[in-house]
Amino acid sequence: MDKLIAVTGSTGAIGGATARILAASGLALRLPVRDLGRAPALPGATAAECSYADRSAAVTALEGVHTLFMVSASESKDRVEQHLTFVDAASEAGVQHIVYTSFFGAAPDATFTLGRDHWATEEHIRRSGIAYTFLRNNLYLDVLQHFADDDGVIRGPAGNGRLAAVARADVVQVAAVVLRDAAAHAGNTYELTGPTALTLAEAAAIISQETGREVTYRAESVGEAYGSRQHFGAPDWQLDAWVSTYTAIAEGGLARTTTTVQDLTGQPALDLAQVLHGDR
Ligand SMILES: NC(=O)c1ccc[n+]([C@@H]2O[C@H](COP(=O)([O-])OP(=O)(O)OC[C@H]3O[C@@H](n4cnc5c(N)ncnc54)[C@H](OP(=O)(O)O)[C@@H]3O)[C@@H](O)[C@H]2O)c1
């Protein structure tokens, strides 16, 4: 009998597409979801209700699971605590392998502040003794067009820095490859990027060309970036995350391209124009 795989985040983009691919290839799945009513109906899949913060529900949801695909939770002030609770639940439930969606350059002092959350989660998984595989994803190519404001301006302190963003579809393909044979990828940290590193001005030009919406990039200073986001009334941790997305690009920390997508899936990584066309 196949080892049972749990896929979290199946009501969302990455987890949902990964679960569909695995279910289509006949694998048995457990789908831990926050709301049973929104769990996708997939052949061979059973949903179980739990959030990352609810340890006892998570232990029940993960009973009998061999390999866990843990999709990082939506950003929140206490996301790290939620992640650590879920990893502890996985340990208690006897999970043997965790595949976690981390972030490119995750480190305790990462410029992109959310990269620090991912590092803390990775560390907890490493310390748990459970076998692991980390997918350190660059920013998603899919979200770049949404960086533009109502006036079609992507504004932020990214200077002329470059960004090797990756398609969600490629993250999903890599996840499916790893989850099908997790033992072959145990202990590995994969850095997932797109095929090219673009400046935000170049990305804006491609978005304009492919979508027909005029999008431009305007470099801000760090002070201007905090100022132009004040009207959202967001808490400090979120403002820091938003602004540091751009300062991380300015510093070059997100510019390196890797061949990991091609190496693991056998297909070249999608570029921004292909993502905007909906290729694959
Ligand atoms: N690299 C990037 O550019 C980038 C950009 C955005 C986000 N991300 C990260 O990548 C993750 C996956 O991306 P995505 O596009 O698939 O996001 P998505 O479509 O928003 O899906 C997120 C999934 O995670 C679930 N979830 C969120 N918080 C949870 C929690 N506390 N406990 C349990 N489940 C939780 C959601 O469940 P519900 O349906 O119940 O909400 C949903 O199924 C995101 O959650 C975020 O951490 C990365």
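The values are calculated or read from the model by the stated rules, or taken from the named source; none is laboratory data. Bear in mind that the values here come from a model prediction, so they are computed numbers and not experimental data. Every residue, glycine as well, gets a Cβ built from its backbone with ideal geometry; the counts of neighbours run over all protein chains shown. Just so you know, the surface numbers come from the protein's heavy atoms only, side chains and all, with ligands and any DNA or RNA stripped out. Shrake-Rupley method; radii C 1.70, N 1.55, O 1.52, S 1.80 Å.
I'd like to compare 183-189, 11-17: which one has the highest average count of other Cβ atoms within 10 Å, and what's the full order after that? Display every interim value, and only then the final one.
Working: 183-189: 13.7, 11-17: 18.7.
Highest mean packing first, the order is 11-17, 183-189.
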DSSP-loop GluC sites (Glu not before Pro) across the stretch 71-148, with at most 13 other Cβ within 10 angstrom = Glu75
Heavy atoms only, probe 1.4 Å: what % of the accessible area of the stretch 173-214 goes to carbon and sulfur, would you let me know?
-> 48 percent
Can you give the percent of C-alpha pairs in the stretch 113-164 whose distance is more than 17 Å?
-> 57 percent
In the stretch 1-119 the accessible area split gives carbon plus sulfur, as whole percent at 1.4 Å, a share of 49 percent
Using a 1.4 angstrom probe, figure out how much accessible area the chain has per residue, in square angstrom, rounded to the nearest whole.
-> 43 Å²
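Using Stokes-Einstein with the Kirkwood hydrodynamic radius over Cα pairs, what translational diffusion coefficient do you get for the stretch 225-280 at 4 °C and a viscosity of 1.567 mPa s, in µm²/s rounded to a whole number? The partial results should precede the final answer.
Numbers: Rh = 14.2 Å.
Diffusion coefficient, whole number: 91 µm²/s.
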Report the extension gain between Glu92 and Asn160 in nm, rounded to one decimal, defined as 0.36 nm multiplied by the number of residues separating them, less their alpha carbon distance.
-> 19.8 nm
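Over all distinct alpha-carbon pairs, what is the Kirkwood Rh of the stretch 81-160 in angstrom? Mind dumping the intermediate values first?
Details: mean 1/r = 0.0690 Å⁻¹.
Here the Kirkwood hydrodynamic radius works out to 14.5 Å.
Please state, as a whole number in µm²/s, the translational diffusion coefficient that the Stokes-Einstein equation yields for the chain at 10 °C and 1.306 mPa s, with Rh defined as the Kirkwood radius across alpha carbon pairs. Walk me through the numbers before you get to the answer.
Details: Rh = 19.4 Å.
It comes out at roughly 82 µm²/s.
Regarding the stretch 117-250, what's the average projected area of the Cα-atom convex hull, expressed in nm²? Kindly include the intermediate steps, with their values, before the conclusion.
Values: hull surface 38.2 nm².
For the stretch 117-250, the mean projected area of the Cα convex hull comes to 9.5 nm².
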Per residue, what volume in Å³ does the convex hull of the Cα atoms of the stretch 27-80 enclose?
-> 92 Å³
When only C-alpha pairs under 8 Å and at least 6 residues apart count, what is the relative contact order of the stretch 57-200, in percent?
-> 24 percent
The stretch 138-223: relative contact order from alpha carbon pairs under 8 Å, six or more residues apart, as a whole percent, is 44 percent
Percentage relative contact order, the chain, counting C-alpha pairs under 8 Å, at least six apart | 18 percent
In the stretch 171-221, what GluC sites (Glu not before Pro) fall in a loop by DSSP, with at most 16 other Cβ atoms inside 10 Å?
-> Glu214
With springs only between Cα atoms under 10 Å, which of Ser221, Ser74, Ser51 fluctuates most in a Gaussian network model of the chain?
-> Ser74
